[in-house]
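Working notes for the structure below.
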Amino acid sequence: MSESKLGGRFPFRGTSLAVHRIGYGAMQLAGPGVWGPPKDPNGAVAVLREAVAAGVNHIDTSDYYGPHVTNQIIRQALHPYPAGLVIVTKLGGRRPPDKSWQPAISPAELTAGVHDNLRNLGLDTLDIVNYRVMGSGHGPADGSIAEQVTVLADLRRQGLIRHIGLSNITAAQLAEAQAITEIVCVQNNYNLAHRHDDALIDDLARQGIAYVPFFPLGGFTPLQSSTLSDVAGRLGTTPMQVALAWLLHRSPNILLIPGTSSLAHLRENLAAGQLPLSSETLAELDGIAAEAAVER
């Protein structure tokens, strides 16, 4: 699949890394509830291999998915990794035996998390590590992240991390982190119906920093909109493809990491990069956020 069909190319500022704008999120490769092995391990390997064969060179993961499961599947499917593949992982959480999601933010926990990722991915250095703030629900929580970012900056100086990003953060936390080290990407909750980060996205675009929406299709509560369905019907495509294409049009610094364990859904997600949206259609889709606000 050509570069243009995957949304074009984005270079991470101040790095030698560049990725196609449609990538792949590995969270769904684990079992139900992002816990344990998948029901179809061979199918998970096949999805990863097809994604990379189609030109995907940006994979988002974490060693607390499973835990350890998704990274081990990535290694099984793709190691030794092809040139140009950028694997982005994240720290800040852990999965105890009760399957809950808990913070893991002490210097010792963050350092151990880096080594877990290195071991399970079979790497000597991690391309990009996001520090994820474990807030309430799926939104950021206020508070200083200086200690955690300082730990990652030290691990970068040790050569274990190449670059640092942030996840689930506020604009104030971004500024705090940038005073400590260079930040190459931000990963927050954002989609057609959840647009609280519009100003942040525009600010990051001016700085040349990538913005990576998690839950680009609504996450555990999939996007549902009569407008979205109507547009998809007119274009002869699916609502989810329209939602992904809108994100690509929203700003050139937006990178997509839709996840799936299905080859059919993978192909649908990748095809979103070829979906043209007129200015009239974009304006129509922009109204979905207002609809969602009224419904809430």
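Having 1 or more residues that are hydroxyl-bearing (Ser, Thr, Tyr) is the bar; report the helices (runs of 4 or more DSSP H) wholly within segment 129-248 that clear it. Spell out how you get there, then give the answer.
Working: elements: 146-157, 171-178, 198-207, 226-235.
Helices (runs of 4 or more DSSP H) meeting the threshold: 146-157, 226-235.
Which is out of contact with any strand residue (DSSP E or B) (no Cβ under 8 Å at 6 or more places or on another chain) and modelled with pLDDT under 95, of 159, 137?
On the way: 159 fails: modelled with pLDDT under 95.
Exactly one residue qualifies, and that residue is 137.
Every residue, every condition in (1) touching a strand residue (DSSP E or B) at 6+ places or on another chain (Cβ under 9 Å); (2) farther than 24 Å from residue 81 by Cβ; (3) of a type in the set (A, V, I, L, M, F, W, C); (4) crowded, with 17+ Cβ neighbours inside 10 Å, yes or no:
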{"residue": "110", "(1), (2), (3), (4)": "yes, no, yes, yes"}
{"residue": "117", "(1), (2), (3), (4)": "yes, no, no, yes"}
{"residue": "130", "(1), (2), (3), (4)": "yes, no, no, yes"}
{"residue": "169", "(1), (2), (3), (4)": "yes, yes, yes, yes"}
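Just for segment 47-84: of the residues that are of a type in the set (A, V, I, L, M) and surrounded by fewer than 16 Cβ atoms within 10 Å (Cβ to Cβ), which one is nearest to residue 99 (Cα to Cα)? Show your work before the answer.
Of the residues in segment 47-84, the ones of a type in the set (A, V, I, L, M) are 47-48, 51-54, 56, 59, 69, 73-74, 77-78, 83.
If we keep only those that are surrounded by fewer than 16 Cβ atoms within 10 Å (Cβ to Cβ) as well, we get 53, 83.
Values: 53: 33, 83: 35 Å.
Top of the filtered list is 53.
Out of the residues in segment 99-117 meeting the condition of being over 19 Å from the mean Cα position of the chain (by Cα) and part of a helix (DSSP H, G or I), tell me which one is nearest to residue 67 (Cα to Cα).
Result: 116.
Here is a list: 151, 212, 242, 186. Which entry is at pLDDT 95 or above, over 23 Å from residue 23 (Cα atoms) and either surrounded by 16 or more Cβ atoms within 10 Å (Cβ to Cβ) or not hydroxyl-bearing (Ser, Thr, Tyr) (or both)?
On the way: 212 fails: over 23 Å from residue 23 (Cα atoms); 242 fails: over 23 Å from residue 23 (Cα atoms); 186 fails: over 23 Å from residue 23 (Cα atoms).
From the options 151, 212, 242, 186, the qualifying one is 151.
The values are calculated or read from the model by the stated rules, or taken from the named source; none is laboratory data. Predicted model only: the values in this text are computed from it and were never measured. Cβ sites come from the backbone with ideal geometry, for glycine too, and all protein chains shown count toward neighbours.
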